[in-house]
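Below is one structure, written out as structure tokens; the observations come after it.
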Amino acid sequence: MARIDDIAIGDRLPEFRYETDTVGQFLYNAALWNAHRIHFDYPYATGEENYPGLVVAGPLMGDWLSQCVLEWLGDEGRLLRFEYANRRAAFVGDVLLSRGEVSEINLTSRTATVTLEIVNESGDQLTPGSAVVQFSA
Amino acid sequence: MPELITEELRSQIGLSPEPRTELVTRRDIRKYAVATGQRLRKYLDGDEAPPLFHLALFWDVVEQDKLSPDGVALDNWLPEFPLKRAMAGKLQLEYHQPILPGQTLTARRTLCDMYEKQGSSGPLIFYEVSTDVSDATGAAVLTERATRILR
């Protein structure tokens, strides 16, 4: 777990690797109650919308970014702000990496900013993001 | 370039649908936590909701004949935009208190901005929707600002 006195700009957050599959997409869209066919209907996604495969849900990648922050922070503080943008799509079967690093530290407010990203195996940045956390006193 | 966003459309900024109230259950948190591959016990056990759980809590539940042919529940409180195909956008969140099982939460949405830009393959419309989530006492839980893109 990170503590504000021990962290430095450039510190890497834990990285997580996701092998995207259809079961994961089914469970996520079922939890949302999202019937968007690009996530589960292969003939529709490829034939009607011309995607190379089933599209990985955008907010799922946002969630994966938040997991880097929360597992790094542990019980040492709380999430104040979090944002992400879905810039490029991922497709079922892609292997994705969720990672981040500390980009700002403010000892007075006991806050830190972390910069986050999801990249695919080709190194394309799909989902950039950032978070601000506050460490407990 | 002709203006896609007319004055009439722009006058819809500030539009707000009826607030929505939902009960947070441990089972729904657990399903969300499993579906997103959480590793922290407090999420997997449903003791606390992960930070994007509210997306599932307030996702529209509409009858099947209200879904568009591609399976999307349309935001029917929003004005009709001259571009139709939605692209994924951006989400910005500010957190005030964690979401716990047993809470009754209310979401208030507002269409807060719209503008157009020229993209590499044609015009794009951006619109922004803010969502304020509060608990049963009226205390703020989180504030979300979503930027959505139409092409």
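Of all the helices (runs of 4 or more DSSP H) wholly in segment B:1-110, which have at least 2 residues that are without any contact (Cβ under 8 Å) to a residue 40 or more places away in the chain and surrounded by 18 or more Cβ atoms within 10 Å (Cβ to Cβ)?
B:26-35, B:53-57
Please give the number of the condition A:Asp6 fails out of (1) free of Cβ contacts under 8 Å to residues at least 24 places away in the same chain; (2) not in a loop (DSSP other than H, G, I, E, B).
Failed condition: (2).
Checking A:Leu32 against (1) within 13 Å of chain B (Cβ to nearest Cβ); (2) in contact (Cβ under 8 Å) with a residue 40 or more places away in the chain, only one condition comes out false. Which one?
The one condition A:Leu32 does not meet is (2).
Taking the residues in segment A:104-127 that are farther than 21 Å from A:Ile7 by Cβ and of a type outside the set (Val, Ile, Thr) as candidates, determine which candidate is surrounded by the most Cβ atoms within 10 Å (Cβ to Cβ).
Applying the filter and picking the extreme gives A:Leu126.
Restricting to segment A:55-78, and then to whatever is surrounded by 19 or more Cβ atoms within 10 Å (Cβ to Cβ) and facing another protein chain (nearest Cβ under 7 Å), can you tell me which residue is farthest from A:Tyr18 (Cα to Cα)?
Within segment A:55-78, the match that is farthest from A:Tyr18 (Cα to Cα) is A:Leu70.
Anything in segment B:132-148 that is surrounded by fewer than 19 Cβ atoms within 10 Å (Cβ to Cβ) and closer than 25 Å to B:Pro82 by Cα? List them, or say none.
Listed by number, the residues that qualify are B:Arg145, B:Ala146, B:Thr147.
Among the listed residues A:Pro43, A:Pro52, which satisfies the condition of being more than 12 Å from chain B (Cβ to nearest Cβ), surrounded by fewer than 16 Cβ atoms within 10 Å (Cβ to Cβ) and in contact with a Phe, Trp or Tyr (Cβ under 9 Å, 6 or more places away or on another chain)?
So the residue among A:Pro43, A:Pro52 that is more than 12 Å from chain B (Cβ to nearest Cβ), surrounded by fewer than 16 Cβ atoms within 10 Å (Cβ to Cβ) and in contact with a Phe, Trp or Tyr (Cβ under 9 Å, 6 or more places away or on another chain) is A:Pro52.
Could you grab me the full set of residues in segment A:62-82 that are touching an Asp or Glu at 6+ places or on another chain (Cβ under 8 Å) and in a helix (DSSP H, G or I)?
Once the filter is applied, which keeps residues that are touching an Asp or Glu at 6+ places or on another chain (Cβ under 8 Å) and in a helix (DSSP H, G or I), segment A:62-82 yields A:Leu65, A:Cys68.
Under 24 Å from B:Leu9 (Cα atoms) and at pLDDT below 95: is that true of B:Pro69 in this structure? Give the derivation first.
Values: under 24 Å from B:Leu9 (Cα atoms): no; at pLDDT below 95: yes.
No, not satisfied.
For the structure I just gave you, tell me whether B:Tyr115 is over 17 Å from B:Val24 (Cα atoms), surrounded by fewer than 17 Cβ atoms within 10 Å (Cβ to Cβ) and among the aromatic types (Phe, Trp, Tyr).
Against the criterion (over 17 Å from B:Val24 (Cα atoms), surrounded by fewer than 17 Cβ atoms within 10 Å (Cβ to Cβ) and among the aromatic types (Phe, Trp, Tyr)), B:Tyr115 qualifies.
If you go through segment A:11-40 one residue at a time, how many are farther than 30 Å from A:Glu101 by Cβ, crowded, with 18+ Cβ neighbours inside 10 Å and of a type outside the set (D, E, K, R)? Full working, then the answer.
Initial filter on segment A:11-40 (farther than 30 Å from A:Glu101 by Cβ): A:22-23, A:26, A:29-30, A:33-40.
If we keep only those that are crowded, with 18+ Cβ neighbours inside 10 Å too, we end up with A:29, A:34-40.
Cutting the leftovers down to of a type outside the set (D, E, K, R) gives us A:29, A:34-36, A:38-40.
Residues that pass the stated criteria total 7.
Which number in (1) among the charged types (D, E, K, R); (2) buried (at least 19 other Cβ atoms within 10 Å of the Cβ); (3) in contact (Cβ under 8 Å) with a residue 60 or more places away in the chain marks the one condition that A:Glu101 misses?
(2)
The values are calculated or read from the model by the stated rules, or taken from the named source; none is laboratory data. Source: prediction; values computed, not measured. Glycine gets a Cβ as well: all are built from the backbone with ideal geometry, and neighbour counts include every protein chain shown.
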